[in-house]
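Since the structure comes first, as structure tokens, the remarks are kept for the end.
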Amino acid sequence: MKQKFKTKLTLSAALSAALTFVGCNIFNPTEDVRVSSNDAEALTYEGYMHFQKSEYSEAREYFEKAIKADSAYSEAWYGRAKAVLNMQPSLNLFQLISYAKKEEGQNAVSKFMSMPEEEAKGIKSGVDSVLFYLDPFIQLDTTGRTDKRVQFGNFSNSYAILQMTKLALTVRTASIDLQNLFSTDPNTGTMSVNWSDLSPSALGEATKETFNAMAAMAETLKSNPEATTTILRDYVPGSEMLSDTALVLATEVLADQIINVAKVVDDSDIDRGDVFLLFGNHMDDDGDGCIDEEVFDGADNDGDGEVDEDVRANNTMVPEIDFIHHSPGQIQKVLSTEDYQLVDIDGDGIMGEEDSKEYEFEIPGSNDRKAQDNHLFKFANTLSWSAAFVYGNPELSTDIQRQRIELKELIRKDKDINNIQYPLAMRKAMIGGCWNNYDEARFLQWFEGRK
């Protein structure tokens, strides 16, 4: 209990000291602006004078004039963002952090879930307004196009809070509580996302917005993990059990995973996003006949040219924890858990521990797999794909991969056992892969549980 109190106090003190999110000192200006005539510096000074009088609309006008006079003048960009922040009646960053915590009771939810709809809309609108002005400033700063007097690192904590708030209110529309979206495993020192909750079938129209918010949040965490991880302790259940060092490492791995998945979703048709987000559902989600064939490692594990599609459950993966010799995010080994004893991953009729090739990598060592760019499971060596795909040669395989994805999509959507459009023989000819391992009985089982 004492340690928990210390953590909360440290977070509060850090935010107060670094950002002083109260009164006229929000975003804490440098206070060394000197008066000059008709230039960005003088205009910015006038803006801060109005800001200190709580005349935020007038302050914003001066900051915008200063930006027009000198687009590299960072204090003007910063000033405009804090003026817009103070113009939002619903935004108090300390309060936003408290909203992320679950309320007391048996069926506890966060305040983000229990607040009235109008209040949620007001907060989200305010966050969007501030981000509208912060995002172009961050883009300029991170590409070296400002004077660097104020930098993204100076306010990455507050930006992380805004992004986490936007994410919480975006997934709220799909009845998802942010507190249930993330989890922590103190035994492995890892954090994870319940990706299945974020499938397009669950999020609907909010899919793109959700993943855009997640990607922006992840980029923020990655840019300054030592500063922003304190925010995660309030948003991610179980993270208080990790040391500061472990939390930083876990944050960097989680951020990379979120960025990778968000890019895949952004590049894909909304409907096909399920292929990459339905983790461990014991079904063939991409139409190649293989079931939960890949692990979430940013690599191609079955040799079909796609990465992290139709991924098996997270609890089968044992991550590397020796970060001296291994990069964060690498997989040490994959387990045949009790939940997977009756899952025939490659469709050959053998399951679980009896079919070790479904769980063993062709190259055992994670560093060796990375060095040789070969992350295939042993069962992938037995697969024969219908097209002449060359593993590890994207120039040769781009057109083939595109064609195979189109064919897999046709098969993935062929779900009605009473009206089969693509019989087993056609699937073997169109795709090959795991379909080559099926007999007619296992083929009919493939349709079970599909809608």
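Condition check for residue 244 on (1) farther than 23 Å from residue 362 by Cα; (2) in contact with a Gly (Cβ under 9 Å, 6 or more places away or on another chain); (3) in contact (Cβ under 8 Å) with a residue 12 or more places away in the chain: one failure, at (2). When region 423-444 is limited to residues that are open to solvent by 50 Å² or more (accessible area, probe 1.4 Å) and more than 14 Å from residue 290 (Cβ to Cβ), the one that is modelled with the lowest pLDDT turns out to be 429. Going through (1) surrounded by fewer than 16 Cβ atoms within 10 Å (Cβ to Cβ); (2) outside any helix (DSSP H, G or I); (3) at pLDDT below 50 one by one, residue 16 falls short only on (2).
Note on region 344-382: residues that are hydrophobic (A, V, I, L, M, F, W, C), in a helix (DSSP H, G or I) and open to solvent by less than 30 Å² (accessible area, probe 1.4 Å) total 2. Filtering region 83-110 to residues that are open to solvent by less than 30 Å² (accessible area, probe 1.4 Å), within 14 Å of residue 127 (Cβ to Cβ) and out of contact with any Leu (no Cβ under 9 Å at 6 or more places or on another chain) leaves only 99. Take the conditions open to solvent by 20 Å² or more (accessible area, probe 1.4 Å) and without any contact (Cβ under 8 Å) to a residue 40 or more places away in the chain and apply them to residue 47. Does it pass? Considered against the rule, which asks whether it is open to solvent by 20 Å² or more (accessible area, probe 1.4 Å) and without any contact (Cβ under 8 Å) to a residue 40 or more places away in the chain, residue 47 comes out as no. With respect to the conditions (1) of a type in the set (A, V, I, L, M); (2) assigned to a loop (DSSP other than H, G, I, E, B); (3) within 24 Å of residue 410 (Cα to Cα), residue 275 lacks only one, and its number is (2). Contact map, region 315-330: residues that are open to solvent by 70 Å² or more (accessible area, probe 1.4 Å) and of a type outside the set (Lys, Arg) paired with residues that are assigned to a loop (DSSP other than H, G, I, E, B) and at pLDDT below 85, Cβ distance under 8 Å, separation 6+ or inter-chain. Pairs shown: 321/188; 321/189.
The values are calculated or read from the model by the stated rules, or taken from the named source; none is laboratory data. Predicted model only: the values in this text are computed from it and were never measured. Glycine gets a Cβ as well: all are built from the backbone with ideal geometry, and neighbour counts include every protein chain shown. Side chains are part of the model used for accessible areas, which takes the heavy atoms of the whole protein and leaves out ligands, DNA and RNA. Shrake-Rupley method; radii C 1.70, N 1.55, O 1.52, S 1.80 Å.
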